[in-house]
Amino acid sequence: MLIQGEEPTPFIAFVRKFEMTYPIRILILRADALTLGMFGLFGLTTDLLSYFAGRGAWKDMFFHNPLAVGVVEAHGLAIIIAVLLIRQAAANDQFVWHLTAMAAHLLLGICNLVFWQVFISANVVPLGIVASAYHFVFVITNSTAILLARLKLAHA
């Protein structure tokens with residue numbers, strides 16, 4: 001908290017230029033949810049096509065391979081998280097939902113990096129790059145939404 005007449009630090013002055021308003025936080029959560037849902041649906045569809053029909057990006061790895069359950073679950077959970085984010089974007093406690101989105105993307109992005117070999121083995125490295133970049137962009141976006149809103153509250 002600033003003492004009356006005291007100049008804010010350069011960081012606080014910089015942060016005050018950015019308004020992390022309620023409508024902007026709603027926009028971030030909804031944009032996040034829509035893209036997460038679309039990527040989740042695309043992933044789930046290709047996972048299931050690969051498992052049942054031997055078609056799609058993962059056909060050689062997932063065709064009748066019960067280990068595909070992990071990616072089917074991950075993409076299905078991404079869709080569920082997207083539905084929750086869309087539904088709760090306008091909730092009063094948006095911080096919880098930004099934190100939820102940030103945690104989900106952090107987990108998914110780190111898993112992509114740790115298990116990068118799967119993208120190499122399936123010859124879909126560009127897909128891995130796009131998916132991982134997307135996850136980390138929304139880790140940063142949701143973290144920024146939380147940070148800027150909290151700083152604004154703390155230094156109002």
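Read-outs throughout are calculated quantities, based only on the coordinates presented, and are distinct from any laboratory measurement. Computed from a predicted model, the values in this text were never measured in an experiment. Counting neighbours? That spans all protein chains shown, and the Cβs are built from the backbone with ideal geometry, glycine included.
Each residue of the range 75-82 in order: what ³J(HN,Hα) in whole Hz does its phi give by Karplus 6.51 cos²θ - 1.76 cosθ + 1.60, θ = phi - 60°, with x for Gly and Pro?
For the range 75-82, the Karplus curve yields 5, x, 5, 4, 5, 4, 4, 4 Hz.
Using Cβ contacts closer than 10 Å as the measure, can you line up W58, W116 from fewest to most?
W116, W58
³J(HN,Hα) across the range 143-151 via Karplus (A = 6.51, B = -1.76, C = 1.60, θ = phi - 60°), whole Hz, x for Gly/Pro?
In residue order, the calculated couplings are 5, 5, 4, 5, 4, 5, 5, 5, 5 Hz.
Rounded to the nearest 20 Debye, what is the dipole magnitude of the range 21-154 about its Cα centre when Lys and Arg each give +1 and Asp and Glu each give -1 at the C-beta?
340 debye
Which percent of Cα-Cα pairs in the chain sits in each 5 Å bin, short to long?
Reading upward from the zero bin: 2, 9, 16, 18, 14, 11, 9, 7, 5, 3, 2, 1, 1, 0, 0.
Using the Karplus curve 6.51 cos²θ - 1.76 cosθ + 1.60 with θ = phi - 60°, what ³J(HN,Hα) values do you get for each residue of the range 86-99, in whole Hz, with x for Gly and Pro?
4, 5, 9, 4, 9, 5, 5, 9, 5, 4, 4, 6, 5, 5
If each of A103 and V118 carries a label point 7 Å out from its Cα toward its Cβ, how far apart are those two points in nm?
2.1 nm
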